[in-house]
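This report refers to the structure that appears directly beneath it.
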Amino acid sequence: MKKISILGATGSIGTQTLDILREHPSEFRLVAISVGRNLELARKMITEFNPELVSVQEYHDCNTLKLEFPKTKFTFGDEGLVEVAVYPSADILVNAVIGSVGLNPTLQAIESGKTIAIANKETLVTAGHLVMEAAERNGVALLPVDSEHSAIFQCLQGEQEKTIERLILTASGGSFRDRSRNDLEGVTVKEALNHPNWSMGAKITIDSATMMNKGLEVIEAHWLYNMPYEKIDVLLHKESIIHSMVEFHDSSIIAQLGTPDMRVPIQYALSYPDRLPLKSSQRLNLAQIGKLHFQEMDVNRFRCMKFAYEAGKKGGTFPTVLNAANEVAVAAFLDEKINFLQIEDMIEKALSKHDLILNPDLSIIQEVDKETRQYVYSLL
């Protein structure tokens, strides 16, 4: 039995991870979780799964839950995230938090020898060089949870790195894939959150609409698969049936297909190298679907894709700036402080004013992240 800890248990990936644990109680046991501020859902999880350690965001919430569940250990804040990440009895850490807050706990978990099931894009985007170096040094596996990276990971099983010609990430196009840039003036938060295919958290859904989500995945793919950006392509595929592809130097292409269900890549990361049945997932019926559609990525239409490629190629602290500026801008849009297209404008301004620092250590990354956020806040 594998013992699981989850950072971000109350979010979209976290709750779907718990679905997997429910379906396979003899294979997995939950031992530690972080739950942020969602005490209502936390109470249900504690009652159902009886984790040994629970971290919340606020000190007073920690004390509240201690009184209600005296047999459970509680902790809080940034230190609490690290405690969950390195919890001694856990075999696998599922990093499902949103934002750069997941970086330090992941690095600490790697140092403690945990296998990492990584759904937190920002960890690899902001500090991919540090994460991959630490993973290699400690002999730790990073197993992708994103559907696109899981697809590539599955396509590469049994293959040699030297035979890879390119990686092809697919993108649904998000909520506004059929709209021109002129049509995006004045779109509402509600419209942006209406993703046509996937059920995701608010921040990721907005990132999908701007295509920043895919841009961050390009940077992730660069680190996960040691692949130059010139060999990472993005293809619009509105059905979200082909989750990604790998082209090899003999011109053959291997693709991974399935219905849009995040529980499939989550379960594969937890069960790897084995596969387990997933009876609750809808089966793919290609005859019923009939047609699949593909379209080239237009970086002028989706400017965040252009920003991501440029930041990734420059390297150093530029991906940190990209991510931090995007997080603040997206939060401002969700709070209706800016309009949709201003998300791009703020990211562009932050990137334009930044001076590159190559090979940054963790303290520099954290400082650049902080400075970028302060700058974008000043633009609001």
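Tabulated data for the structure shown
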| quantity | calculated |
| --- | --- |
| 5 angstrom amide H check on residue 75, placed H, neighbours 5+ away | 54, 55, 56 |
| Peptides 219-231, 274-286 ordered by average Cβ neighbours within 10 Å, highest first | 219-231, 274-286 |
| Spin-label model distance (nm) - residue 289 vs residue 257, 7 Å beyond Cα toward Cβ | 0.6 |
| Relative contact order, percent, the range 1-137 [alpha-carbon distance under 8 Å, six or more residues apart] | 25 |
| Accessible area (Å², per residue) of the range 1-43, counting only protein heavy atoms and a probe of 1.4 Å | 37 |
| Peptides ranked, highest mean first, by Cβ atoms within 10 Å: ranges 25-38, 359-372, 308-321, 156-169 | 308-321, 25-38, 359-372, 156-169 |
| Backbone N under 16 Å from the residue 190 label point (7 Å along Cα→Cβ), restricted to the range 310-350 | 334-336 |
| Pairwise label distance in nanometres, residue 137 with residue 279, each label 7 Å out on the Cα-Cβ vector | 4.6 |
| Hz values of 3J(HN,Hα) by residue in the range 144-153 - Karplus curve (6.51, -1.76, 1.60), Gly and Pro given as x | x, 9, 3, 4, 5, 6, 5, 4, 4, 4 |
| Point-to-point label distance, residue 249-residue 334, nm (Cα→Cβ direction, 7 Å offset) | 4.4 |
| Relative contact order (%) - the range 68-137, alpha-carbon pairs under 8 angstrom, separation at least six | 30 |
| Theoretical FRET efficiency, 1/(1+(r/R0)^6), r = Cβ-Cβ of residue 233 and residue 48, R0 45 Å, to 0.05 | 0.60 |
| Assigned charges on the beta-carbon of Lys, Arg, Asp, Glu; the range 279-380 dipole about Cα centre (debye) | 540 |
| Using θ = phi - 60° and Karplus 6.51 cos²θ - 1.76 cosθ + 1.60, couplings along the range 296-309 (whole Hz; Gly, Pro as x) | 5, 7, 9, 6, 7, 6, 10, 5, 5, 5, 4, 4, 5, 4 |
| Accessible area, probe 1.4 Å, largest first, for residues 254, 204 | 254, 204 |
| Amide H contacts under 5 Å for residue 171, placed H, 5+ residues apart | 235, 236, 237 |
| Antiparallel bridges, percent of DSSP beta bridges restricted to the chain (to nearest 5) | 30 |
| Choice from 99, 139, 174 showing the highest fluctuation, given a GNM over the chain with Cα pairs closer than 10 Å | 139 |
| Highest-first arrangement of 181-190, 143-152, 298-307, where packing means the average Cβ count within 10 Å | 143-152, 298-307, 181-190 |
| The chain: calculated mean residue ellipticity at 222 nm from DSSP helix runs of at least 4, using -39500 (n - 2.57) | -14000 deg cm²/dmol |
| Partner lysines for residue 71 [C-alpha distance under 29 Å; skip if fewer than 8 residues away on the same chain] | 2, 3, 44, 114 |
| The chain - percent of accessible surface contributed by carbon and sulfur, probe 1.4 Å | 48 |
| Residue-by-residue Karplus 3J(HN,Hα) for the range 10-18, coefficients 6.51, -1.76, 1.60, Hz, glycine and proline x | 8, x, 4, 5, x, 5, 6, 5, 5 |
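The values are calculated or read from the model by the stated rules, or taken from the named source; none is laboratory data. Note that the structure is a prediction, hence the values are computed from the model and not measured. Using ideal geometry, Cβ is built from the backbone for each residue, glycine included, and neighbour counts are taken over all protein chains shown. Note: accessible area is taken over every heavy atom of the protein model, side chains too, but ligands, DNA and RNA are not part of it. Shrake-Rupley method; radii C 1.70, N 1.55, O 1.52, S 1.80 Å.
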